[in-house]
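One structure is given below, encoded as structure tokens.
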Amino acid sequence: MKTSEMKSTLEDQHVFSLEGVKKIGKNDDAFTRQMLIRFAYQVSMCTGGIKDAIQNNDWSKLKSIIHKNIPAYSIMNATEALELLKSIETNADNLNEQGRVRKWAEMVCEKNDGILTIVIDYLQLLKRTRDKNPYKFNEPGI
């Protein structure tokens, strides 16, 4: 799959979009790559924190984790996960909504697993593309 095809697939599935990152980084490939790596790390940490908070029924910790992660999902335009995060943040303190909050949190973790897989695949695709045409990319070796 070509990078343009993968990018289109990502956006069609509302997983995330690189447009915001590319705009912030002025289409710098190294910047985009670094943002993807950081996003993957943050998604991984978010999943771990959510699972820990849910396991311990620590709703204030859950709300804090979610609040800290919303900007990253927003920048990456990960719309489906972002909507779930906002719902969790809004309802985490509501004792009557804990069942729904738990379900939404589990859904975020599932989405995060998918996001991580896609980010890793995309980074590998970028590397293969760069290796085939190193003059197209304005970054040092990966």
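Asn77 fulfils the conditions (1) out of contact with any His (no Cβ under 9 Å at 6 or more places or on another chain); (2) on the phi > 0 side of the Ramachandran plot except for a single criterion, (1). Each residue in the range 35-51 was checked for being over 9 Å from the mean Cα position of the chain (by Cα) and either buried (at least 20 other Cβ atoms within 10 Å of the Cβ) or on the phi > 0 side of the Ramachandran plot (or both), and 4 of them qualify.
Note on the range 54-81: among residues that are hydrophobic (A, V, I, L, M, F, W, C) and surrounded by fewer than 22 Cβ atoms within 10 Å (Cβ to Cβ), the one that is modelled with the lowest pLDDT is Ile75.
The values are calculated or read from the model by the stated rules, or taken from the named source; none is laboratory data. Just so it is clear, the structure is predicted and the values come from calculations on it, not from any experiment. Cβ atoms come from the backbone with ideal geometry, glycine included; neighbour counts cover every protein chain shown.
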